[in-house]
Structures are given as structure tokens and as C-alpha cells.
Amino acid sequence: HVTATFYVYTNPIGKQKHFLTWDEIKEMSDAGMTIGDHTLSHPYLKKLPLDDFRREVTKSKTIIEQHIGKPVVHHTGGKNAVHFASPFGFTDADIVQILGQAGYATARTTYKGVYQDNALRLRGILVTDSFDYFVSQLTR
């Protein structure tokens, strides 16, 4: 009964070697895995015009939904939540606003921390082989 969330960016799927196919992604989704959005092309968001970012997140979400045959959601506590992971972990106030307008409930960054003040700017702990490092990050 273990599941995971896979954030996919859509442009290379089924087109480039070493990337999943849509059939594989649909199989994972059908098996209970959450498929989240990670844009069309995995752009560097610091330099991307906001209109381009809006297109990246709305179009990729639509493409994923078409291929897996259901909304890009995760069932959390009985409600659906649309998930996003920011390429290279970057976010800012404009990106958070666009994600909210597009209907995303959560957005992952690579910013360190366990304190969460905004579901569209989630922090995390980078995983290493050191349990001591993990514990030290929790107690900061």
C-alpha cells in the first residue's frame, strides 16, 4: 500500500531515450501513484517571462490529464489536490499567484526547511544516506 508522487515534464515523454512513455505513466497512475506536473519543458523559471510560465503549467497539466485519463490530482483527506514541482526548485510571489490561479493546491521547491507557511511554496529536506543529517535538519 505504498505510493509515491511522480512529477513529470511532458515534452520528452515517449520521444527521448531514458524517459518514461505515456503507457508507463498511465500504468503508474492506475496503480495508485500520483502524477504531478513539472511543466512542459523544464525551464529555468528565474528567466522565464510570466506568460510563458503560465503556458508551461496550464498546457502540461492538460497534456498529462489527457494521457492518464483523469485529473492531475492526489486524493488527500477525501479531497482532490493538484500538485506541482518547480523546475530547479525556484519560486517567487508571481509564480505562486499563477499556480493558485491555475488551480494547484501544492507546489514543491528545493528550499530547505520543515516549516511550511504556504502550500504553493513547500520546503523540504534533501535526502542523503546519512540519518544523522536527516535528524539534524528536522531539529533546526
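The values are calculated or read from the model by the stated rules, or taken from the named source; none is laboratory data. Bear in mind that the values here come from a model prediction, so they are computed numbers and not experimental data. Here Cβ is always computed from backbone atoms with ideal geometry, including for glycine, and neighbour counts include all displayed protein chains. Remember, those area values only see protein heavy atoms, side chains included, never the ligands or the DNA or RNA. Shrake-Rupley method; radii C 1.70, N 1.55, O 1.52, S 1.80 Å.
Brief remarks on what is shown
- Phi-based couplings in Hz for the range 13-23 (Karplus 6.51, -1.76, 1.60; Gly and Pro marked x): 4, x, 10, 10, 4, 6, 10, 4, 9, 5, 4
- Residues with amide H under 5 Å from that of Phe84, placed H, sequence gap 5 or more: Asp37, Thr106, Ala107, Arg108
- Whole-Hz ³J(HN,Hα) from phi, Karplus 6.51 cos²θ - 1.76 cosθ + 1.60, for the range 117-130, glycine and proline x: 10, 7, 5, 9, 8, 6, 8, x, 10, 5, 7, 10, 7, 9
- Per residue accessible area in Å² of the chain, where ligands, DNA and RNA are left out and the probe is 1.4 Å: 61
- Applying a DSSP loop filter and a limit of 12 other Cβ atoms within 10 Å to the trypsin sites (Lys or Arg not before Pro) in the range 1-107 leaves Lys15, Lys17.
- The antiparallel fraction among DSSP beta bridges confined to the range 5-140 stands at about 25%.
- Carbon + sulfur, % of accessible area of the chain - ligands and nucleic acids excluded, 1.4 Å: 54
- Calculated [θ] (222 nm, deg cm²/dmol) that DSSP helices of n ≥ 4 give over the chain, each run adding -39,500 (n - 2.57): -10000 deg cm²/dmol
- Full extension of the chain segment joining Ser136 with Lys17 gains 39.0 nm, where the gain is 0.36 nm per residue of separation less the Cα-Cα distance.
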